[in-house]
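Here is the structure we will look at, set down as structure tokens.
Readers should treat all values here as calculations from the given coordinates under stated rules, not as data from a laboratory. Since this is a predicted model, take the numbers as computed values, not measurements. Cβ placement follows ideal geometry from the backbone for every residue including glycine, while neighbour counts extend to all protein chains displayed.
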Amino acid sequence: MKKTVSEITSDFIASKGIDKVFLLTGGGIMYLTDAFAKNEKIDYICNFHEQACAIAAEGYARVTGKPGVCLVTTGPGASNAISGALSAWHDSIPLIIICGQVRTNIIADNYDKIRQIGPQEANIIELAKSMTKYAISLRNKEDIYQILDEAYEKATSGRPGPVIIEIPLDIQS
């Protein structure tokens, strides 16, 4: 049976020995949430705010020496996690933020001054670039393996730091 991008992502995180993921559920990550919840090698810890997810993941990284992982929804959910990314950036903490995004067919072209087409949408990649080692939006499901490998490598190599991977809702499933 072929795996979804969400299942591949969950399995990848588990394969790295990361046994806890910090998240706040939302419609923009419904398939990712389901995949992580079903992964028996990972405990998921729900928080009440995305900033808390990122900071808890940062704490996990500090205690375990493994990258911390947080899972947040689209738009304001992802932007709320940026505070944790900035903290990890300054303190050289390996942090992997996985965020949702609206379906690819309704992502606004921010360069044409369209702020939003989909619900709760934001161009989080542009916002995150100055405080992450790697910020990318997955637009082709076939690239998931390469993107996960690159993100993990960047988060953990050299001077460690945060990375962000955005996965649109239709690609998650």
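Going by the alpha-carbon gyration tensor, a ≥ b ≥ c the square roots of its eigenvalues, is region 77-173 rounded (a/c under 1.5) or, if a/c is not under 1.5, prolate (a/b greater than b/c) versus oblate?
Values: a/c = 2.36, a/b = 1.46, b/c = 1.62.
The shape class here is oblate.
Size descriptors for the chain, from the alpha-carbon set: Rg then Dmax equal 14.5, 44 Å. Taking the helices alone, the chain has a mean residue ellipticity at 222 nm of -12500 deg cm²/dmol, built from -39,500 (n - 2.57) per DSSP H run of at least 4 residues and averaged over all its residues. An ellipsoid equivalent to region 131-173, defined through the eigenvalues of its Cα gyration tensor, has semi-axes of 21, 11, 6 Å when rounded to whole angstrom and sorted largest first. Counted residue by residue at 0.36 nm each, then reduced by the alpha carbon distance between them, the extension gain from Gln116 to Met1 reaches 37.8 nm.
Computed on the chain, with alpha-carbon pairs under 8 angstrom and 6+ residues apart, the relative contact order is 24 percent.
Based on Cβ point charges of +1 for Lys and Arg and -1 for Asp and Glu, what charge dipole magnitude is obtained for region 35-89 about its Cα centre, in debye rounded to the nearest 20? Could you put the intermediate results ahead of the total?
Values: 4 positive and 4 negative charges, 26 e Å.
The calculation lands at about 120 debye.
Rounded, prolate or oblate: which one fits region 1-88, using the alpha carbon gyration tensor with axes a ≥ b ≥ c (rounded when a/c is under 1.5, else prolate when a/b beats b/c, else oblate)? Taking the square roots of the gyration eigenvalues as a ≥ b ≥ c, region 1-88 is oblate. Would you work out which of Gln101, Ser87, Ile171 lies farthest towards the positive end of the dipole of the chain, given +1 charges on the beta-carbon of Lys and Arg and -1 on that of Asp and Glu, about the Cα centre? Going by the Cα projections, it comes out as Ser87.
Please say if region 19-60 is rounded, prolate or oblate, where rounded means a/c under 1.5 for a ≥ b ≥ c the square roots of the C-alpha gyration tensor eigenvalues, and otherwise the choice is prolate for a/b larger than b/c and oblate otherwise? The shape class here is oblate.
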